[in-house]
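Next up is a structure, given as structure tokens.
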Amino acid sequence: MLLTLPDVLLKEELTSIRGLLKQAQWIDGRNTAGAQAAQVKNNQQLAEQDPLLANIRGIVLQALHRDPLFFSAALPDKILPPFVNRYAGQNNHYGFHVDSAMRSMPDGSARVRADVSATLFFNDPDEYDGGELVVQDVFGDQRIKLKAGSIVIYPSSSVHAVTPVTRGERLASFMFIQSMVRDAAHRRMLFDMDMALVRLRQQHGETAEVVQLTGIYHNLLRQWAL
């Protein structure tokens, strides 16, 4: 499932992040790439030890934890601490690749299975040319370039790329999520059911039928959750 969610970040959160990034010292983005991806990765990112990264991670994770649509779509169990990257100048693209299935926590304490990948945009599309996230799926290439504060989530198993930035800079956070529900088709069915339940509540309230369907949703979640 590929899904875009607007306004995940509040205006003041976005302003804070943009202010922090004015102080950024960027390093080679290949430091966090696997062997295959490193051959086609040409961008920059914040170093793991950079105190700016910890501040931005806190803001991003707070925003994700309060967003009900993000929770419904990803059903997150673990979120690898988000990274922050930059595409500009000579470091301006990322060729087609697949995200590694297993990612190590920065402190080495555990591994996170990458079921869902996400990109949270920090600047608006008119601030740069190019820089589209291209995700290949059965319906063809999906090209995504969202307004600042919006996020796109997509299967980590998908082949994807970032097209060259030819003007300005593209600033974003990217992250990997281990879902409570490992199977992508099951996650999609649960999300569709959850959204249908939201609409039914809005139209009819908490009827007996809505309560029964809500029970079915949670029973499926219990069955499919790891």
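How many residues does segment 51-77 contain that are crowded, with 18+ Cβ neighbours inside 10 Å and outside any helix (DSSP H, G or I)?
Total satisfying the criteria: 2.
Continuing with this model, one more query. It is to be established whether one or more residues within segment 83-94 are of a type in the set (S, T, N, Q), open to solvent by less than 30 Å² (accessible area, probe 1.4 Å), touching a residue at least 60 places away in the same chain (Cβ under 8 Å) and under 20 Å from ALA184 (Cβ atoms).
no
Using beta carbons and a limit of 7 Å, which pairs, at least six apart or on different chains, have the first residue in segment 201-226 and more than 27 Å from LYS78 (Cβ to Cβ) and the second one aliphatic (A, V, I, L, M) and assigned to a helix (DSSP H, G or I)?
ARG201/VAL210; HIS204/VAL210; VAL210/LEU197; VAL210/LEU200; LEU213/LEU197
Do we find that SER117 is out of contact with any helix residue (DSSP H, G or I) (no Cβ under 9 Å at 6 or more places or on another chain) and of a type in the set (Ser, Thr, Tyr) in this structure?
Yes; evaluated as a whole, the condition is true for this residue.
Another question about this same structure. Restricting attention to segment 114-162, which residues are more than 12 Å from the chain's Cα centre (by Cα), small (Gly, Ala, Ser) and at negative phi?
ALA148, SER157, SER158, ALA161
Could you say whether any residue in segment 29-49 is more than 29 Å from PHE96 (Cα to Cα), without any contact (Cβ under 8 Å) to a residue 60 or more places away in the chain and not charged (D, E, K, R)?
No, segment 29-49 contains no residue that is more than 29 Å from PHE96 (Cα to Cα), without any contact (Cβ under 8 Å) to a residue 60 or more places away in the chain and not charged (D, E, K, R).
Of all residues in segment 94-112, which are over 17 Å from ILE27 (Cβ atoms) and assigned to a strand (DSSP E or B)?
Residues satisfying the conditions are GLY95, PHE96, HIS97, MET102, ARG103, SER104, ARG111, VAL112.
Could you list all residues from segment 160-183 that are touching a strand residue (DSSP E or B) at 6+ places or on another chain (Cβ under 6 Å) and open to solvent by 50 Å² or more (accessible area, probe 1.4 Å)?
Residues satisfying the conditions are PRO164, THR166, ARG167, GLU169, MET180.
Is it the case, given these coordinates, that GLY95 is under 21 Å from ASP7 (Cα atoms) and modelled with pLDDT of 95 or more?
no
Return a yes/no flag: does segment 123-132 have any residue that is buried (at least 19 other Cβ atoms within 10 Å of the Cβ) and either touching a residue at least 60 places away in the same chain (Cβ under 8 Å) or in a strand (DSSP E or B) (or both).
Within segment 123-132, one or more residues are buried (at least 19 other Cβ atoms within 10 Å of the Cβ) and either touching a residue at least 60 places away in the same chain (Cβ under 8 Å) or in a strand (DSSP E or B) (or both).
The values are calculated or read from the model by the stated rules, or taken from the named source; none is laboratory data. This one's a predicted model, so the numbers in the text were calculated from it and none came from an experiment. Positions of Cβ are backbone-derived with ideal geometry, glycine not excepted, and every protein chain shown enters the neighbour counts. These area figures cover heavy atoms from the full protein model, side chains too; ligands, DNA and RNA do not enter into them. Shrake-Rupley method; radii C 1.70, N 1.55, O 1.52, S 1.80 Å.
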